[in-house]
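Asks: Quick one: this structure, given as structure tokens, is what I'll be asking you about.
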Amino acid sequence: MSVLQASGVFQPGVIDDIQTKAASGLYRIRGYGTLRERRWATFDDLTFLPCSLTRIPLEGYREKCSTKTVLGTRFAGKPVELDIPVMITGMSWGALSYNAKVALAKGAAAVGSSNTTGDGGMLLAERENSRTLIYEVLPSRYGINIHHMRMADAIELTIGQGAKPGTGGLLLGSKVSDTIARQRDLPIGVDQRSPARHPDFLGPDDMIIKVEELREATDWQVPIFIKMGASRVFDDVKLAAKAKADVIVVDGMEGGTGASPAILQEHTGIPTLAAVCEARAALEDCGLYGEVQLVIAGGIRDGVDAAKAIALGADAVYIGTAALIGLNCNRPIHVEDYHQLGTEPYHCHHCHTGRCPVGITTQDPELMRRLDIEEGAARVSNLLRAMTLEIQMLARACGKSDVHHLEPEDMAALSMEASAICGIPLAGTRRVFGR
Amino acid sequence: MAEIDCGARSTREINAELKQWIQRGETDIVVRHPGARHNLAVAILSPARVRLEGSAGYFCAGLIDGPTIEISGSAGWGLAESMMNGRVVVEGNAGNGAAAAIRGGTVVIHGDAAARLGASMKGGLVIVGGNCGYMAGFMAQKGTLIVCGDAGEAFADSMYATTCFVGGRIADLGTDAVLAEPTAEDIAFVDDALAAWLPPAIRGKRPPAREFRKVVAGRKLWNFDHREWKLWQEAL
Ligand SMILES: Cc1cc2nc3c(=O)[nH]c(=O)nc-3n(C[C@H](O)[C@H](O)[C@H](O)COP(=O)(O)O)c2cc1C
Ligand code: SF4
């Protein structure tokens, strides 16, 4: 019997990559987020240490455990008050269909959470169906509208995203339909590449003035978030805090995207676990931990990841891809359409094509109809409810009457890397590695 | 006419008073001693006339919809950024990113504009009586940009559907920017715009509208195409 041997270097994915580029002359573009096998430390490298004799748990099914989350207590007249610490992240109308945007808004509102606009401006139906809406101000300024900004409950000034820090947005021509083109003031069908820098400010000192402008524009009422992709998080978070952000959003390298060059998703930025630790250290270093709230994003899958992020210092988490999966992304329905894209359910990352088999990342009216708004909203709110129950379960087991009381001391590290990154002793030892 | 003296007051106080006057129905307001403060007259959403007697700092008249804002001195970065509609007239010079991301309205700069004038503009009309710095019109999407004097490097780089006119020299065209033949309507449009918006003393120093050069997007960056690799290499 012959034994087949494949190259450890030129594996099937690498061969496909080389041959695709040889045909197209262009780097690869796709959606979804990193496809790399995660060999770096993740939230899975941490475990909770529930109460036994040294600490007393709360009755899991009876005693209260608060999930109330307040963001923007530093300068805003009206901080954002949420019932749960899991929020829906900014995903553009353009990358997402109308139905997906409205379903996310309704789903978040039903459980007292928030949703965020995205790189294409606000959809009126999104505002009407949101309880708390965060308005993103991005470098492209597509759809920028002061009236929409003033309808929002918070402003998010976006410097970058975890999937592609340091670069601008991308929306391929198949998704620049006449409606989206009108909304963004673009010619129909262009492969839209948006700028990496804001058009009216560059560095952190200018940003201080920009933040003040946004406050003046909204009468100092709503919180100003600053969102960044995770690269030099320790320094960048300090600069955002210095710019008087109320809330800082750090999006790790696992962060999802509607479309980006694949190499940026795989090889830029630092992982979410490392990002939350650096962000907390930065705020502690400048004495602003607790005063400036921290929102963490990037590959958050469930209440466990969220609880660990909170224990490490986040006030809330953003979910993007998980919410889309809740809406049926990668579900084995309409399987023939996945095949048409050259993929299978559970393996799809083809959001950039605009041919989403389940109607989420498309502008095609036929495909969009596959996503029923009410059904989708119910699924999103169920997912948010279940995630919240998971966070509460872990918090109660650790003896906390408020999920925000979770702390690093409630966890042990399962790898030396996680121990070194998080400053948490390795399970079975009393040692923090690297110290 | 109402008057606001900035004196030693904060931007927040000055803007609050400005908005109060407008709310009370005042349509003509003079702001004295602005002292180049940042963020003056931001997000004014009614058609009042506000005249700043002096210079303004960053983001003056940013995010407005409807008013007429005049600045007798110069303006800092991000003048009128993201304006929806209205008129902004600067009698001196303007800093980087003037008229960035505007969606409508008119921005007039009697003097010079610095870098990235009209970057990402999405509509409206921008007129510069003097010269402009590098990367004017960068990734501009719609609307019209008129520079009566000289234009700096990388002019009109990576544009979508903005139309530019330049009266003086262009240091160099940006990626995918091309010269086009102005039509009779173009010439009439430039002529009318300059007559309407620039004082005769400035207008008189500049060439006639028919001598302005027209710059538009070559559209080679609108869609990915490996045959245009050289162009993409510069743009990506
Ligand atoms: C389909 C899609 C569209 C997105 N659009 C935007 C956007 O318009 N603006 C933005 O700041 N981030 C955008 N993002 C990134 C998210 O806001 C967020 O940072 C990221 O999805 C978090 O990672 P997760 O998807 O693993 O939860 C998008 C993400 C996805 C999946
Ligand atoms: S199913 Fe749709 S949303 Fe999910 S990865 Fe595929 S194209 Fe993207």
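Asks: If you fit an axis through the alpha-carbon atoms of helix B:184-197 and take the longest principal axis of the Cα set of chain B, what angle between them do you get, 0 to 90°, nearest 10?
Replies: 20 degrees
Asks: What is the set of long-range amide H partners of A:A196 at a cut-off below 5 Å, with H atoms built 1.01 Å from backbone N?
Replies: Here A:G168 satisfy the definition.
Asks: Return the ratio Rg/(2.2 N^0.38 Å) for chain A, where Rg is computed over Cα atoms only.
Replies: Against the empirical 2.2 N^0.38 Å value, I get 0.97 for chain A.
Asks: Please give the average number of partner chain Cβ atoms lying within 10 Å of the Cβ of each residue in A:206-213, rounded to a whole number.
Replies: Rounded to a whole number, the mean comes out at 6.
Asks: In whole Å, what three semi-axes, largest first, describe the equivalent ellipsoid of region A:65-145 built from its Cα gyration tensor (square root of 5 times each eigenvalue)?
Replies: 22, 16, 9
Asks: Note down the relative contact order for chain A as a percent, whole number, built from C-alpha pairs under 8 angstrom at least six residues apart.
Replies: Once divided by the residue count of chain A, the mean separation gives 23 percent.
Asks: Kindly sort B:D191, A:D337, A:D200 by accessible area of their heavy atoms, largest first, with the probe set to 1.4 Å.
Replies: The ordering from most to least exposed comes out as B:D191, A:D337, A:D200.
Asks: At a 1.4 Å probe, what is the % contribution of carbon and sulfur to the accessible area of region B:93-235?
Replies: It is 51 percent, rounded to a whole number.
Asks: Stretch A:D235-A:F75 to full length: gain in nm at 0.36 nm per residue minus the Cα-Cα span?
Replies: Between A:D235 and A:F75, full extension yields 55.4 nm more.
Asks: Let me ask another. For the ranges B:57-68, A:395-406, what's the packing order if you count other beta-carbon atoms within 10 Å of each residue, average per peptide, and put the highest first?
Replies: B:57-68, A:395-406
Asks: Against the longest alpha carbon principal axis of chain B, how many degrees, from 0 to 90 and to the nearest 10, is the axis of helix B:11-23 turned?
Replies: 80 degrees
Asks: Can you sort B:I202, A:I300 by solvent-accessible area, 1.4 Å probe, largest first?
Replies: In descending accessible area the options line up as B:I202, A:I300.
Asks: So, counting K/R as plus one and D/E as minus one, what does the shell of residues with Cβ under 14 Å around B:V42 add up to?
Replies: Net of charged neighbours comes to -3.
Asks: Find the all-direction average of the projected area of the Cα convex hull for region B:21-84, expressing the result in square nanometres with one decimal place.
Replies: Seen from a random direction, the Cα hull of region B:21-84 projects 3.5 nm² on average.
Asks: Could you sort B:78-87, A:52-61 so that the peptide with the highest average Cβ count within 10 Å comes first and the rest follow in order?
Replies: In decreasing order of mean packing, B:78-87, A:52-61 become B:78-87, A:52-61.
Asks: At 1.4 Å probe size, with the rest of the protein present, what percent of the exposed accessible area of chain A is carbon and sulfur atoms?
Replies: Within chain A, the accessible surface is 53 percent carbon and sulfur.
Asks: Could you state how much accessible area is buried at the B-A interface, both sides summed, with a 1.4 Å probe, in Å² to the nearest 100?
Replies: Approximately 3800 Å², summed over both chains.
Asks: Suppose we compare each residue of region B:100-140 in its chain alone and in the full protein complex with a 1.4 Å probe; which ones drop by at least 40 Å² of accessible area?
Replies: B:R103, B:R116, B:K122, B:M139
Asks: Another question about this same structure. Based only on Cα atoms, what mean projected area does the convex hull of region B:184-236 have, in nm²?
Replies: 5.7 nm²
Asks: Using only alpha carbon pairs under 8 Å that are at least six residues apart, calculate the relative contact order of region A:181-264 and give it in whole percent.
Replies: After rounding, I find 25 percent.
Asks: Here's a follow-up. Quick query: amide H of A:S114 versus all other amide H atoms, modeled in the peptide plane; which residues come in under 5 Å with a sequence gap of 5 or more or a different chain?
Replies: Correct list: A:I88.
Asks: Also, quick follow-up: Treating cross-link reach as a plain straight distance, find the lysines whose alpha-carbon is under 29 Å from the alpha-carbon of B:K230, omitting any fewer than eight places away in the same chain.
Replies: Qualifying lysines at Cα under 29 Å: A:K21, A:K164, A:K175, B:K122, B:K142, B:K214, B:K220.
Asks: What does the accessible area per residue of the protein assembly as shown come to in Å², with a 1.4 Å probe and no ligands, DNA or RNA counted?
Replies: 39 Å²
Asks: Given a cut-off of under 8 Å on Cα pairs at least six residues apart, what relative contact order in percent is computed for chain B?
Replies: Relative contact order for chain B comes out at 10 percent.
Asks: Whose amide H sits under 5 Å from the amide H of B:G133, counting only residues 5 or more places off or on another chain, with H placed in the peptide plane?
Replies: Long-range HN contacts for B:G133: B:A113, B:A114, B:A115, B:L117, B:G152.
Asks: So what does log10 I(q)/I(0) come out to for region A:1-97 at q = 0.10, 0.19, 0.20, 0.21 Å⁻¹, using the Debye formula with one equal point on every Cα and no solvent?
Replies: Values returned for q = 0.10, 0.19, 0.20, 0.21 Å⁻¹ are -0.72, -1.22, -1.25, -1.27.
Asks: Separate question: What is the mean number of Cβ atoms from other protein chains located within 10 Å of the Cβ atom of each residue in peptide B:71-84, rounded to a whole number?
Replies: Counting Cβ atoms of other protein chains within 10 Å of each residue's Cβ and averaging gives 3.
Asks: If you don't mind, there's one more thing I want to ask. Could you check what % of the DSSP bridge pairs in region B:135-236 are antiparallel, to the nearest 5?
Replies: Approximately 55 percent, going by the DSSP bridge assignments.
Asks: Viscosity 1.306 mPa s, temperature 10 °C: Stokes-Einstein D of region B:1-129 from its Kirkwood Cα radius, in µm² per second?
Replies: Translational D for this selection: 115 µm²/s.
Asks: Hey, got the average number of other protein chain Cβ atoms within 10 angstrom for residues in A:189-199?
Replies: Per-residue shielding by partner chains comes out at 6.
Asks: Mind computing the radius of gyration and Dmax over the alpha-carbon atoms of region B:93-235? Å is fine for both.
Replies: Cα only, region B:93-235: 14.2, 50 Å (Rg, Dmax).
Asks: Determine the percent antiparallel among the DSSP beta bridges restricted to chain B, to the nearest 5.
Replies: Close to 15 percent.
The values are calculated or read from the model by the stated rules, or taken from the named source; none is laboratory data. What you see is a predicted model; the values in this text were computed from it and never measured. Cβ atoms come from the backbone with ideal geometry, glycine included; neighbour counts cover every protein chain shown. Side chains included, ligands, DNA and RNA excluded: accessible areas come from the protein's heavy atoms. Shrake-Rupley method; radii C 1.70, N 1.55, O 1.52, S 1.80 Å.
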